[in-house]
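The values are calculated or read from the model by the stated rules, or taken from the named source; none is laboratory data. No experiment lies behind these values; they were computed from the predicted model shown. Every residue, glycine among them, receives a Cβ derived from its backbone with ideal geometry; neighbour counts consider all protein chains shown.
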């Protein structure tokens, strides 16, 4: 409409001062159009976001203030009682500790592994495509499939133990899922197996954006391959690494599927995570008020981390990419 | 996870309203017309399989015998009962008859005022069900009636016992310990347990508690949701002593109970372990986990042994079962009559045929395997059937107990921590 209005005015012969109505159109037109566009494009997404993300968070925070079994109306109002109980519960703290161990392991193991593999598979080597596919394949598997597969492999006397025995390493066989001190590290191996291919894929994509001329120039200046990688490739991969770190840390804080299927968080909570704790207390124990409090605390931890990361780490990467209001 | 509850509830309510509008009264109220015709709505968890057919036949047959009574079956997914029943009991439109597991869950429903006290109507025949029906009583009043029963005991491999030189099942815990030694000497894993699932661990602790605590103490402790009596601490100590014989398979903390050949049931089914403490349903679980077609005939059963010096009954049984409750919207006498019919020998024989559990009425026992008959006979002779603690207690307390016992199995916590877990969960209700 606004466009049609403009056209009407432009085809007037000679210098014409637009009348009040036309001026209104000229002034109001782009604003209206902008509003219509915003409403049309953002409206449905905002509606979904409000209905399925914001509202549930508010409701969960509200439900978390009640002693509620999930049946019938909300029980008695308890204020922040549930939240305090959760934070005081050593089992929750233990679960949070496990999440932090998984975060640390993903950074210390998956990052170097994924980066190294990406650097290797970025070169022209024989079987490169097959290797890339092979490394990335576990990430494509459904989490439940991965969990069941490893569950079977890690049974006492199972495939993993048999392979160790055949290799003459029978002394290394373990109760992988039943040893209280080992089980969380077993889970880390499974999670690394599933996710390091994703790290590799992101790094590979990042490597494609590094101009070859820079490395050629470095080579001409006499820089060794190691020095060129360390001083040029890795710094230029910075934005990719920082995005991967963000995804990996948030994912590690929310780990559920593999742990739930393989160990249920046990034995004796030795592999529990915040998410398995939430399901155990919220659903299995039918403590929906308490479970809601756990969910809100878990959300809070992830949200605060995301905000801080955005503010202090990602800002320089996204600064140029953000659309700003003009004029 | 709470996040979708309210929109979901709204959607469910809207869908239910539409369905009700379209289909008339599929929900609750028993309708009585002027000519004395009564329609009873019946919520069952038999959505598929043979039991669904058994119930359909029962409804038709009952209508034939009582032309003025029509039974309208509403099959509902098992897991949906926990949410649907409280909502229905809070409304003015509950079903006439609904699935009832008894115990603490039933007790929590009684204050709704919607459950019919069936005692005056069933007193003439409920005795033939034995002690089992007590699990559906609240304060001595019969608010529900069982239609099948479950009993926990030892399922063992007769061939492996024979190979280890064990001529008869153990009658006392020291005898069981001696058998564990014999089986180990014969390089056989004595006992399989599925600790990953937690509740199989709880069977062990609960049975030691049953043998250590007098029946009156068990009853009062369940009612008060309090395990502070010293007999429960003794139970924990008995369990520790027994576990010091290392009777379970390697890595039992990570073993599932019923899923896969590597589960505890699968281990017994495949001859990898000699016995396990499980419910009467275990042979049915084992059969698909092995290629051994004669597994059922190779299995024997014996009850949990007595504990020397224990103040509890040596013959009390741990178990549970399925049943039905009537609500106040249904004519009490008619509803009770229908439950009597469900527990009659012909219907109970069909229930056995549906392979869901032991019949509530022993008159139907002829249809059982010899081992199942032995379980049933033992169960009916029991002076008291203790409902699984996690069902007898409110849900959150039951789960806290299971978790504490599982921790104890893993060497974490103390005898006291099991008792504390219960009191702590109770205080958080």
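List of remarks:
- Taken over segment B:375-416, residues that are surrounded by 16 or more Cβ atoms within 10 Å (Cβ to Cβ), in a helix (DSSP H, G or I) and either within 13 Å of chain A (Cβ to nearest Cβ) or in contact with a helix residue (DSSP H, G or I) (Cβ under 8 Å, 6 or more places away or on another chain) (or both) amount to 23.
- Residue in segment B:184-194 that is touching a helix residue (DSSP H, G or I) at 6+ places or on another chain (Cβ under 9 Å), in the same structural domain as residue B:295 (by TED's automatic domain parsing), at pLDDT 95 or above and in a helix (DSSP H, G or I) present: no
- None of B:37, B:56 is loosely packed, with under 13 Cβ neighbours inside 10 Å, more than 20 Å from residue B:86 (Cβ to Cβ) and modelled with pLDDT of 80 or more except B:37.
- Test: residue B:94 is within 14 Å of chain A (Cβ to nearest Cβ) and part of a helix (DSSP H, G or I): no
- The residues on offer are B:265, B:336, B:311, and the sole one that is farther than 27 Å from residue B:423 by Cα and either surrounded by fewer than 20 Cβ atoms within 10 Å (Cβ to Cβ) or modelled with pLDDT under 95 (or both) is B:265.
- For segment B:268-296, the candidate set comprises residues that are under 24 Å from the mean Cα position of the chain (by Cα) and surrounded by fewer than 17 Cβ atoms within 10 Å (Cβ to Cβ); within that set, the residue that is nearest to residue B:148 (Cα to Cα) is B:284.
- For first residues located in segment B:65-79 and touching a residue at least 60 places away in the same chain (Cβ under 8 Å), partners that are part of a helix (DSSP H, G or I) and lie 6+ apart or on another chain with Cβ distances below 7 Å form the pairs B:69/B:62; B:69/B:63; B:69/B:334; B:71/B:59; B:71/B:62; B:71/B:63; B:71/B:338.
- When segment A:150-174 is limited to residues that are within 14 Å of chain B (Cβ to nearest Cβ) and part of a loop (DSSP other than H, G, I, E, B), the one that is surrounded by the most Cβ atoms within 10 Å (Cβ to Cβ) turns out to be A:154.
- In segment A:203-269, counting only helices (runs of 4 or more DSSP H) that sit wholly within it, the ones holding 2 or more residues that are closer than 30 Å to residue A:297 by Cα and within 14 Å of another protein chain (Cβ to nearest Cβ) span A:257-262.
- Residue within segment B:274-288 that is closer than 25 Å to residue B:171 by Cα, within 14 Å of chain A (Cβ to nearest Cβ), assigned to a loop (DSSP other than H, G, I, E, B) and in contact with a strand residue (DSSP E or B) (Cβ under 8 Å, 6 or more places away or on another chain) present: no
- Close pairs from segment A:299-310: first farther than 18 Å from residue A:277 by Cβ, partner surrounded by 13 or more Cβ atoms within 10 Å (Cβ to Cβ), Cβ under 6 Å, at least 6 apart: A:309/A:246
- Here residue B:51 does not fit the description of being touching a helix residue (DSSP H, G or I) at 6+ places or on another chain (Cβ under 8 Å) and either within 14 Å of chain A (Cβ to nearest Cβ) or at pLDDT 95 or above (or both).
- Any hit, segment B:135-143, residues being within 20 Å of the chain's Cα centre (by Cα) and in a helix (DSSP H, G or I): yes
- None of B:236, B:220, B:257 is touching a residue at least 40 places away in the same chain (Cβ under 8 Å) and assigned to a helix (DSSP H, G or I) except B:236.
- Residue A:299 being part of a helix (DSSP H, G or I), over 30 Å from residue A:34 (Cα atoms) and either within 12 Å of another protein chain (Cβ to nearest Cβ) or at pLDDT below 95 (or both): yes
- Of all residues in segment A:275-289, those that are facing another protein chain (nearest Cβ under 7 Å), touching a residue at least 40 places away in the same chain (Cβ under 8 Å) and crowded, with 24+ Cβ neighbours inside 10 Å total 2.
- Residue B:331 over 20 Å from the mean Cα position of the chain (by Cα), over 21 Å from residue B:136 (Cα atoms) and not assigned by TED's automatic domain parsing to the domain that holds residue B:306: no
- For segment B:239-253, a residue qualifies if it is more than 14 Å from chain A (Cβ to nearest Cβ) and in contact with a helix residue (DSSP H, G or I) (Cβ under 6 Å, 6 or more places away or on another chain), and the qualifying residues are B:239, B:245, B:247.
- Pairing residues of segment A:175-187 that are at the interface with chain B (Cβ under 7 Å from one of its Cβ atoms) with residues that are buried (at least 22 other Cβ atoms within 10 Å of the Cβ) and part of a helix (DSSP H, G or I), at Cβ distances under 7 Å and at least 6 apart in sequence or on separate chains, gives A:175/B:254; A:177/A:183; A:177/A:186; A:177/A:262; A:177/B:254; A:178/B:252; A:178/B:253; A:178/B:254.
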